[in-house]
1. Is the stretch A:61-74 home to any residue that is under 17 Å from B:Leu45 (Cβ atoms) and either within 11 Å of chain B (Cβ to nearest Cβ) or at pLDDT below 95 (or both)?
2. For the stretch B:110-142, what are the residues that are under 24 Å from B:Asn194 (Cα atoms), modelled with pLDDT under 85 and loosely packed, with under 14 Cβ neighbours inside 10 Å?
3. Working only within the stretch A:1-46, note down all residues that are of a type in the set (D, E, K, R) and either within 19 Å of B:Ala17 (Cα to Cα) or in a helix (DSSP H, G or I) (or both).
4. Count, please, the residues in the stretch A:3-27 that happen to be more than 7 Å from every other protein chain (Cβ to nearest Cβ), more than 17 Å from B:Ala50 (Cβ to Cβ) and free of Cβ contacts under 8 Å to residues at least 24 places away in the same chain.
5. With the stretch B:1-61 as the region, which helices (runs of 4 or more DSSP H) entirely inside it contain at least 2 residues that are in contact with a Phe, Trp or Tyr (Cβ under 7 Å, 6 or more places away or on another chain) and under 25 Å from A:Arg33 (Cα atoms)?
6. Somewhere in the stretch B:49-60, is a residue more than 8 Å from chain A (Cβ to nearest Cβ) and aliphatic (A, V, I, L, M)?
Amino acid sequence: MPAGEFMIRRLRISGALVMIGLLVEALCLVWSRPIAFVVLVCIGGAFIGIGVLLFLYSLVSAAPHPTDSAGVVRDKR
Amino acid sequence: MPTIAIVILVLFSAILAGVLVVRPSITVSRAGKILAFGVLFFLPLFSLLAGMDNEMERSKSTAFCLSCHIMDSYGKSLHIDDATYLAAAHFQNHRVPADEACYTCHTNYAMFGTFKAKLGGLRHLYVFYLKKMPLPEDIKLHEPFNNRECLHCHLGARSFEQGATHNADPATLPAIKANTLSCISSGCHDVVHNVGHWGNNVKFWSEGN
């Protein structure tokens, strides 16, 4: 799979995870029951956390841009 | 921040995240990359923290504590028309904020007290959902009530410092302040909620009467 497609796939997954987490959070905020806080943190927080971590991981693991490589070569000279 | 504002922020963030799911190609441009960082990093974390803070604040409210039906009797005890009932006297005379009555007395005024009070609340949830619930009259405090919670408000107050009973014996006041003589369980202010021991003649006060 090309690097661009792989990145887009990860973006989609992390976006979906964050969206699910945020929707769970919105439900918990309007649901006035004591368990709402636990659901917000354990389920909503987990989805958001995993989504954000996946996004950050996809950034650091992305293949370097060609212009970045050129910059490295220029610096070495 | 009001709950409705946080809900709007959360839904707005969810919609933006949905846009990225449907159209991830917008991240090709520089503006799209900045948007993706905001939507997949900054906004979700901010929304989560704001939501947690809102829930923590809500968990301090009297209505929140009384939303479990096992606490009904304790809520009712706040309306007993008898000044010897400590909780009722504090609630009805606004010695504690009426909308945070439970939290004000049952929190812990030491370092990380609010955090410890919330952990105690989690234990309540655990018992409520996963264990056999005790009868309301069988509910006990996790640990003996510390005078520190009373002195948080009463220390320095004229009625406390110069009260006749507190000064009848010169050793009483220092003992109360050192928590060696309990306000609640030493027989002085021991009628608090007394759930299960009200008898038939108990009357209830209602606001407006």
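1. No, the stretch A:61-74 has no match at all.
2. Result: B:His142, single match.
3. Result: A:Glu5, A:Arg9, A:Arg10, A:Arg12, A:Glu25.
4. 4
5. Details: elements: B:3-22, B:30-37, B:43-58.
Passing ranges, in order: B:43-58.
6. Yes.
Residues checked against (1) over 20 Å from A:Val38 (Cα atoms); (2) free of Cβ contacts under 8 Å to residues at least 12 places away in the same chain:
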site: B:Ala88; (1), (2): yes, no
site: B:Gln92; (1), (2): yes, no
site: B:Ala98; (1), (2): yes, no
site: B:Asn108; (1), (2): yes, no
site: B:Phe112; (1), (2): no, yes
site: B:Phe115; (1), (2): no, yes
site: B:Gly120; (1), (2): no, no
site: B:Arg123; (1), (2): no, no
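The rows are residues; the columns are (1) part of a helix (DSSP H, G or I); (2) touching a residue at least 40 places away in the same chain (Cβ under 8 Å); (3) hydroxyl-bearing (Ser, Thr, Tyr).
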{"site": "B:Phe145", "(1), (2), (3)": "no, yes, no"}
{"site": "B:Ser159", "(1), (2), (3)": "yes, no, yes"}
{"site": "B:Pro174", "(1), (2), (3)": "yes, no, no"}
{"site": "B:Cys183", "(1), (2), (3)": "no, no, no"}
{"site": "B:Ser186", "(1), (2), (3)": "no, no, yes"}
{"site": "B:Trp198", "(1), (2), (3)": "no, yes, no"}
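The values are calculated or read from the model by the stated rules, or taken from the named source; none is laboratory data. Quantities reported herein were computed from a predicted structural model and do not represent experimental measurements. Glycine gets a Cβ as well: all are built from the backbone with ideal geometry, and neighbour counts include every protein chain shown.
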